[in-house]
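S.K.: Before we start, here is the structure in question, set down as structure tokens.
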Amino acid sequence: MSKIVANYKVNFVDADFKKLLKRMDGFSFKNAEFIVCPPYTSLHIFKNKSVLLGAQNLSSTDKIPTGEISAEMLKDMNVKYVILGHSERRKAFFETDEQIRNKVLKALEFGLKPIVCVGESLQNKKKGETLSVLEKQLNTILRDIYTNELENIIIAYEPVWAIGSGNAIKKSDLQEIVKNIKFILEKMYGKLFVNKISILYGGSVNVDNYQSIISVKGIDGLLVGGVALDFEKLFKIIEGLN
Ligand code: PEP
């Protein structure tokens, strides 16, 4: 079973999501778990449908601040997944690994599955820092998570330079990085638990490259942004995963 998470970011309004819902109607998702992550304002379109629903963020505190959305509110909308630590939020709102960790803990407390985004910047990549950046992010965000929670955690490896750039990672590079992510997780949790955590790849996935990405050993699915806006392409990928 492969996962495909569609991150709609600040795209689409209710009318567009109704079209997506219509496109999904009657579609047989056999081997693909399709997780739709619309903006908060359109979660209600999917609330009472048999759709795997995700949000794009949550607040790690229940009391403050004005304008935030809590885990409890997401539960109330039938949300099951939540994208946390997306590089766009890290950049725009200076989200730190420690803050992302608090959001992960809040999500788990409320029975939401966190989709934890990690990945290196172009500068990190050029300096050969990819693995040390990933190790630091994972060690901080996922330290001391109870092993019985690990099956609820999804890591989305999203190199920052690949997001929205049209330049997806090379298969051989992804193979190497996934091997190392598993190694980092093994050091954190031990061999027995490594494979409980799903690992997705995100960053310029499209109809031409998804097959080579999904064929990488240890990759359990995809996180897609831009391509999810085009239903024809999106469903071509979902069909391919089926
Ligand atoms: C993303 O925003 O997480 C993403 C993967 O976007 P894109 O597919 O457009 O690179």
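S.K.: Among the residues of region 107-123, write down those that are in contact (Cβ under 8 Å) with a residue 24 or more places away in the chain and away from the ligand (no atom under 16 Å from the Cβ).
M.R.: Of everything in region 107-123, those that are in contact (Cβ under 8 Å) with a residue 24 or more places away in the chain and away from the ligand (no atom under 16 Å from the Cβ) turn out to be ALA107, LEU108, GLU109, PHE110, GLY111, LEU112, LYS113.
S.K.: Also, quick follow-up: So is ILE155 within 18 Å of VAL5 (Cα to Cα) and open to solvent by less than 50 Å² (accessible area, probe 1.4 Å) or not?
M.R.: Yes; evaluated as a whole, the condition is true for this residue.
Residue-by-condition table, conditions (1) among the hydrophobic types (A, V, I, L, M, F, W, C); (2) in contact (Cβ under 8 Å) with a residue 60 or more places away in the chain; (3) under 30 Å from TRP161 (Cα atoms); (4) buried (at least 17 other Cβ atoms within 10 Å of the Cβ):
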site: LYS75; (1), (2), (3), (4): no, no, no, no
site: ASN78; (1), (2), (3), (4): no, no, no, no
site: ALA92; (1), (2), (3), (4): yes, no, yes, no
site: THR96; (1), (2), (3), (4): no, no, yes, no
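S.K.: Still on this structure: Given region 1-103, what helices (runs of 4 or more DSSP H) lie entirely inside it while holding 3 or more residues that are out of contact with any Lys or Arg (no Cβ under 8 Å at 6 or more places or on another chain) and small (Gly, Ala, Ser)? Quick ask: steps written out before the conclusion?
M.R.: Values: elements: 14-24, 43-46, 71-76, 87-93.
Here the list is empty.
S.K.: Restricting to region 21-46, name every residue that is under 20 Å from the mean Cα position of the chain (by Cα) and loosely packed, with under 13 Cβ neighbours inside 10 Å.
M.R.: ASN31, THR41
S.K.: Okay, moving on. Among the residues of region 1-20 satisfying the criterion of being open to solvent by less than 50 Å² (accessible area, probe 1.4 Å) and touching a Pro at 6+ places or on another chain (Cβ under 7 Å), which is nearest to the ligand (Cβ to nearest atom)?
M.R.: Across region 1-20, the extreme among qualifying residues is TYR8.
S.K.: I've got another one for you. Take SER28 and tell me if it is hydroxyl-bearing (Ser, Thr, Tyr) and either under 24 Å from LYS196 (Cβ atoms) or touching a strand residue (DSSP E or B) at 6+ places or on another chain (Cβ under 6 Å) (or both).
M.R.: Answer is no for this residue.
S.K.: Only one of (1) open to solvent by less than 80 Å² (accessible area, probe 1.4 Å); (2) out of contact with any His (no Cβ under 7 Å at 6 or more places or on another chain) fails for CYS117. Which number is that?
M.R.: CYS117 satisfies every listed condition except (2).
The values are calculated or read from the model by the stated rules, or taken from the named source; none is laboratory data. Please read all numbers here as calculations on a predicted model, not as lab measurements. No Cβ is skipped: glycine too gets one built from the backbone with ideal geometry, and neighbour counts run over all protein chains shown. Surface areas here come from the heavy atoms of the whole protein model, side chains and all, with no ligands, DNA or RNA. Shrake-Rupley method; radii C 1.70, N 1.55, O 1.52, S 1.80 Å.
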